[in-house]
Amino acid sequence: MSQMNEETTLILFKPDCVRKNLSGVVLKRFLNEGFRMRGIKMMQLNEAILREHYAHILDLIIDGKPLFPELCAFMTSSPVVALALSGPGVIKRVRDLLGPTNSQKAPAGTIRGDFGTDSMMNMCHASDSPESAAAELKRFFRSEELFAL
């Protein structure tokens, strides 16, 4: 097996995770995998940052309705927790731990399978590539908020 590259990814603990008081439980699952925190903070998102973050789906229509207004309302309904997490192959490994985006299709034992509700209330957002991780980390953390440990 080849050596996995050291990476840093962004995870957002969404409002459903925060409101259900599951942030600590989810964080522990990530840390139990040997990942290291490089930064963590609670923050209230606004429409401007969400328009930038979800630019790739701003025009998406689902069941005849635009997705973004509902997503924006959900993502601003409570604070979120932003987490910068590092480790070998962390981007893919975190997404595997989360399970599929649609919590209803996520197997038991995954974070979304155990705690999520659907495709929106699915506990966490996680970067899907090194390129998106780099952009998303800059969006949610200033350089002085990320630490090399």
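The values are calculated or read from the model by the stated rules, or taken from the named source; none is laboratory data. Predicted model only: the values in this text are computed from it and were never measured. Counting neighbours? That spans all protein chains shown, and the Cβs are built from the backbone with ideal geometry, glycine included. Each accessible area value is taken on the protein alone, full model and side chains, heavy atoms only, with ligands, DNA and RNA left out. Shrake-Rupley method; radii C 1.70, N 1.55, O 1.52, S 1.80 Å.
Looking for something more than 12 Å from Phe13 (Cα to Cα), under 12 Å from the mean Cα position of the chain (by Cα) and among the basic types (Lys, Arg) - is there at least one such residue anywhere in the range 103-120? No: the range 103-120 contains no residue that is more than 12 Å from Phe13 (Cα to Cα), under 12 Å from the mean Cα position of the chain (by Cα) and among the basic types (Lys, Arg). Taken over the range 1-40, the criterion of being modelled with pLDDT of 95 or more and of a type in the set (Ser, Thr, Tyr) is satisfied by Thr8, Thr9, Ser23.
Out of the residues in the range 1-59 that are of a type in the set (Ser, Thr, Tyr) and not in a strand (DSSP E or B), state the one that is surrounded by the fewest Cβ atoms within 10 Å (Cβ to Cβ). Taking the candidates together, the pick is Ser2. Inside the range 90-106, residues that are within 22 Å of Gly34 (Cα to Cα) and surrounded by fewer than 16 Cβ atoms within 10 Å (Cβ to Cβ) make up a count of 2.
Filter the range 1-26 for residues that are closer than 21 Å to Thr76 by Cα and free of Cβ contacts under 8 Å to residues at least 60 places away in the same chain; which is nearest to the chain's Cα centre (by Cα)?
We begin by selecting, within the range 1-26, every residue closer than 21 Å to Thr76 by Cα; these are 10-24, 26.
From what's left, free of Cβ contacts under 8 Å to residues at least 60 places away in the same chain: 19, 21, 23-24.
On the way: Arg19: 15, Asn21: 16, Ser23: 12, Gly24: 14 Å.
Ranking the candidates gives Ser23 first.
Reported count of residues in the range 95-129, each being under 25 Å from Asn5 (Cα atoms), in contact with a helix residue (DSSP H, G or I) (Cβ under 7 Å, 6 or more places away or on another chain) and in a helix (DSSP H, G or I), is 3.
Just for the range 120-149: of the residues that are among the small types (Gly, Ala, Ser) and open to solvent by less than 60 Å² (accessible area, probe 1.4 Å), which one is nearest to Cys17 (Cα to Cα)? Walk me through how you get there before you give the answer.
At the first step, the residues of the range 120-149 found to be among the small types (Gly, Ala, Ser) are 126-127, 129, 132-135, 143, 148.
Those left that are additionally open to solvent by less than 60 Å² (accessible area, probe 1.4 Å): 126-127, 129, 132-135.
Numbers: Ala126: 13, Ser127: 17, Ser129: 23, Ser132: 22, Ala133: 21, Ala134: 24, Ala135: 23 Å.
Checking each candidate, the answer is Ala126.
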